[in-house]
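Values in this text are rule-based calculations from the coordinates and carry no lab data. Bear in mind that the values here come from a model prediction, so they are computed numbers and not experimental data. Every residue, glycine as well, gets a Cβ built from its backbone with ideal geometry; the counts of neighbours run over all protein chains shown.
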Amino acid sequence: MSERAKMQTEVPMIELNNGVMIPQFGLGVWKMTDGDEVETAVLAALETGYRLIDTAAVYGNEAGVGAAIRKSGIPRDEIFVTTKLWNSDQGRENVRAAFTASLKRLGLEYIDLYLIHWPVPAKGLYVETWQELERLYEEGKVRAIGVSNFLPEHLDNLLTSSIVTPAVNQIELHPKFPQNELRDYCANKNIHIESWSPIGGSRGNLLAEPILKRIGDSYGKTPAQVVIRWHIQNGLIVIPKSSNPDRIVQNIDVFDFALTDDDMSQIDSLATGERQGPNPTSMNNN
Ligand code: A2P
């Protein structure tokens, strides 16, 4: 088996609550500029065996993601594409146009997973927005629908007035901010968690923690690989961002070792409960 094919078979698939299968590991493209940067990164990732690409309308790079997918020559149905509805497009009358614009920029016929990017509670529109996502889902334009940055109070409101349970909730999650309560809540509702900023983003200095280096050294792995492996062993779907070809290869190379229970609890001990990113209760950017 070639290295590339081997890598591909090593990424586990997770079954979402509607039966759709999603790779447990993929590439996040937040902060990548459209054009060369995102195209090069997505193409490198696909060539390395990544099959999940996570973008969003607000990232401004859907066109480059689509171009890289086409350039790769990989059949569309072997790649899982996620994009997200931006805050200013919430509301019954806006969703369909926003979705169609994303599809067009990506140059795709359908999306695998479409998410509401933030609840924006100040607007009070996420329930009716969700009902529009349900229509897109019923029409077969998206294979699964979900949310991002939703807290239990927002999910409770959704679930009482909707038919479809979100397939995923994509949230900030890393060892310093492990979100244990929200994970329990979502597990009870059969909503899968996807971790954004999984290696702590650029701000938290997570990767400089000596524990991670110590554990990594014992397996010949980097701190980033240890953290990605921690997500995998926690059953989380994980989408580290990298535009660097070497780190793109490094980040997927986490399926040939396993952390022990002791390693896992040492990593758990890094929890501070502090977010790096915005708080969903007050994130109202348009
Ligand atoms: P770069 O794109 O130059 O590789 P997160 O996905 O948690 O938000 O983290 C993204 C940040 O971590 C980016 O700044 C990215 O930079 C960096 N990064 C990605 N992979 C690695 C790695 N294996 N080691 C160190 N830094 C990494």
Exercise. With runs of 4+ DSSP H residues as the only contributors, calculate the mean residue ellipticity of the chain at 222 nm using -39,500 (n - 2.57) per run, divided by the residue total and rounded to the nearest 500.
Key: -11500 deg cm²/dmol
Quiz prompt | Bridge type composition, the chain - antiparallel percent by DSSP, nearest 5 | solution = 15
Quiz item: Computed over the Cα atoms of the chain, what is the convex hull's projected area averaged over all directions, in nm²?
Solution: 14.1
Quiz item: If each of Tyr110 and Asp256 carries a label point 7 Å out from its Cα toward its Cβ, how far apart are those two points in nm?
Solution: 3.6
Quiz prompt | Size of charge dipole - region 41-99 - debye, nearest 20, with Cβ of Lys, Arg +1 and Asp, Glu -1, no other charges | solution = 80
Quiz item: Between Asp156 and Glu93, what is the spin-label point distance in nm, taking each point 7 Å from the Cα along the Cα→C-beta axis?
Solution: 3.2
Quiz prompt | Theoretical gain in end-to-end length, Asp77 to Ser269 [0.36 nm per residue, Cα-Cα removed] | solution = 65.1 nm
Quiz item: Counting alpha carbon pairs within less than 8 Å and at least 6 residues apart, what relative contact order, in whole percent, applies to region 145-286?
Solution: 26
Exercise. Could you tell me the distance between the Cα centroids of region 119-137 and region 216-270, to the nearest Å?
Key: 34
Self-check item: Under the Debye formula (equal points on every Cα, no solvent term), log10 I(q)/I(0) of region 79-207 at q = 0.09, 0.10, 0.21 Å⁻¹
Solution: -0.26, -0.32, -1.24
Quiz prompt | DSSP bridge orientation in region 1-116 - percent antiparallel, rounded to nearest 5 | solution = 25
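Given an 8 Å cut-off on Cα distances and at least 6 residues of separation, report the relative contact order of the chain as a percent.
Values: 519 pairs, mean separation 56.1, N = 286.
Worked out over the chain, it gives 20 percent.
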Exercise. Using the structure shown, select from Lys104/Lys189; Lys71/Lys241; Lys123/Lys176; Lys31/Lys189; Lys31/Lys123 the pairs with a Cα to Cα distance greater than 28 angstrom.
Key: Lys104/Lys189; Lys123/Lys176; Lys31/Lys189
Self-check item: Rg over Rh [alpha-carbon atoms, Kirkwood Rh] for region 165-286
Solution: 0.96
Practice problem: Among the GluC sites (Glu not before Pro) in region 38-117, which ones are in a DSSP loop with at most 15 other Cβ atoms within 10 Å of the Cβ? Mind listing them? | Solution: Glu93, Glu109
Exercise. Could you give the size of the charge dipole of the chain about its Cα centre, using +1 on the Cβ of each K and R and -1 on the Cβ of each D and E, expressed in debye and rounded to the nearest 20?
Key: 440
Quiz item: For region 11-116, with the dipole built from +1 on Lys and Arg beta-carbon atoms and -1 on Asp and Glu ones, taken about the Cα centre, which of Gly91, Gly107, Thr40 lies farthest toward the positive end?
Solution: Gly91
